[in-house]
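Following: one structure in structure tokens, then a few remarks.
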Amino acid sequence: MAAIAALVLVVAVGVTTLARVIAEPLRVLVELLLLVVLPASGWFALTRAGAKRLAAVVVALVVIVVLVAVVAGAKGHVFVSLAVRVVALGIAVSLGRYALGDTRRALARSETPGTPVPAAASGVLFMNLKSGGGKAERFHLVDECSRRGVRPVVLEPGTDWVQTVRDVATSGVDVVGMAGGDGSQAMVASVAAELGLPMVVVPAGTRNHLAMDLGLDRNDVVGALDAYGDAVERTMDLADLNGHVFVNNVSLGVYAAIVRSPEYRDAKVDTTLATLPEVLGPHTEPFDLVFTGPDGVEHCGAHVVQISNNPYGTDAGARSSRPRLDTHQLGVVALVLGEAAGAAQFIAALATNHPERFAGFTSWATPTFTVTSDAPVDIGLDGEAMVTQPPLCFSIRPTPVRVRLPKGAIGYSPAARVLGWRGAAHELWQVVIGQSTEFDRAAAPQ
């Protein structure tokens, strides 16, 4: 019934929207033009400075005011129709997710993918008390560990953290864990893989992208400790850059230029606004990054090159998440903006969910990747600023790390749970005719 209702609502919204376009084509055209001008002026404001930035902000504000006036000046029934269609689409999405078993509650009730493993006999949790604004202390992780029979080890500033982790890990423990950001997770993961020990990820950092892609609840810091009990286990690849392990990604170009600033940590927005005109403004050159694309052609310069530990998703809503972490492949994304209008063209392609239509955008998967340059390269490695001597040699390490997840974890990343609209419609129809009870998660980690 939920699947039928979802499909009926989507069709009804589509029909009423088409009817409105036919009835008021000029008004719809004006609205679309305004919606194109708004992101263009926003981008212009980000990549310009001084009077040009101010003028772009004014244009953006005027467009917003005009859009509001257009909507407010519409006939009463038009405004009500718009509101009803928005609500109907929201209900359709909720019903569709319910029918496909893709709600957080349904996934939490389902079996977490992985191999069942018994509780740890001698577990240890390393903690970075500074990560995430002090989450380890705020959630009383030391006390929570003691309550579960897990040994807490606080990594003190000024000490050799890698050596501390290795010393403790070789003292007879059978499970290691890390409560901290993704950089700290990578450090412990590299030691765990080296020693053949399973690892527990506790999302006590700021963004916790790794925890998200493992299918953990990033807001449930204490709940992640349940992985020391009866749990499930699966392998996760570790990526390498010149001997440095990373679990998420390495960014070259624009992002690296922003995070290298000493002011970035204390003033992220101000630093970003000050840096963007310098690296993306008119007449700026691509960064000195030389690499070979998937077609074998050498590229001499790019504005963005991102190398990830396994490829990111390609569907809308999945581009910041990875469907799997065990494909033994790097994901590479390169962006060259080219001419002055390149940025606006790329934004337009991205807005339609087809960035690949922009000529300067390329993404592919590969087991190895190399970047060269005539000078040291600024990078952002799992969000941390570094300077690396070229060549930059990326690969997937031959030995993965075994990761333990709580039995109550969702176990699927956002990208693994996303279906394109065609796939979602097909699966909903399969439910309607009784051929399926939940969507195919074959792309999710096993």
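The values are calculated or read from the model by the stated rules, or taken from the named source; none is laboratory data. What you see is a predicted model; the values in this text were computed from it and never measured. Here the Cβ positions follow ideal geometry from the backbone for every residue, glycine too, while neighbour counts run over all protein chains shown. When the accessible area is computed, the model is the full protein with side chains, heavy atoms only, and any ligands, DNA or RNA have been set aside. Shrake-Rupley method; radii C 1.70, N 1.55, O 1.52, S 1.80 Å.
Less than 14 Å Cβ to Cβ from Thr368, Lys/Arg counted +1 and Asp/Glu -1: what total charge do the surrounding residues give? Could you put the intermediate results ahead of the total?
Working: positive: Arg397; negative: Asp237, Asp240.
It works out to a net charge of -1.
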Q: Can you tell me which of 157-163, 304-310 comes out highest on packing, and rank the rest after it, using the mean Cβ neighbours within 10 Å?
A: 304-310, 157-163
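Given the peptides 18-29, 189-200, arrange them by the average over their residues of other C-beta atoms within 10 Å, most packed first. Don't skip to the answer; put the middle values down first.
Details: 18-29: 11.6, 189-200: 20.3.
Result, highest mean first: 189-200, 18-29.
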Q. In a shell of Cβ-Cβ distance under 15 Å around Leu67, excluding Leu67 itself, what net charge do Lys and Arg (+1) and Asp and Glu (-1) give?
A. 0
Q: Scan around Val153 for amide H atoms under 5 Å from its own, H built in the peptide plane at 1.01 Å from N, and keep only partners 5 or more places away or cross-chain.
A: Leu125, Phe126, Met127
(Q) I'd like the Karplus ³J(HN,Hα) series for region 166-173: coefficients 6.51, -1.76, 1.60, θ = phi - 60°, whole numbers in Hz, and an x wherever there's a Gly or Pro. (A) 5, 4, 5, 5, 9, 9, x, 7
(Q) Ignoring ligands, DNA and RNA, please state the percent of accessible area on region 143-183 from carbon and sulfur, probe 1.4 Å. (A) 48
Q. Mind listing the phi-derived Karplus ³J(HN,Hα) values for region 379-386, rounded to whole Hz, using 6.51, -1.76 and 1.60 with θ = phi - 60°, and x for any glycine or proline?
A. 9, x, 9, 6, x, 9, 6, 9
(Q) Modelling each spin label as a point 7 Å along the Cα-to-Cβ direction, I'd like the Val30/Gln389 distance in nm, to one decimal. (A) 6.4
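May I ask for the net charge around Gln389, where only other residues with Cβ less than 14 Å from the Cβ of Gln389 are counted and Lys, Arg are +1 while Asp, Glu are -1? Intermediate results must be reported in sequence, preceding the final value.
Values: positive: none; negative: Asp288, Asp374, Asp378.
Local net charge: -3.
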Q: List every residue whose amide H lies under 5 Å from the amide H of Val117, counting only residues 5 or more places away in sequence or on a different chain, with H placed 1.01 Å from N in the peptide plane.
A: Ala231, Val232, Glu233
Q: Give the distance, in whole Å, between the Cα centre of region 182-214 and the Cα centre of region 359-408.
A: 16
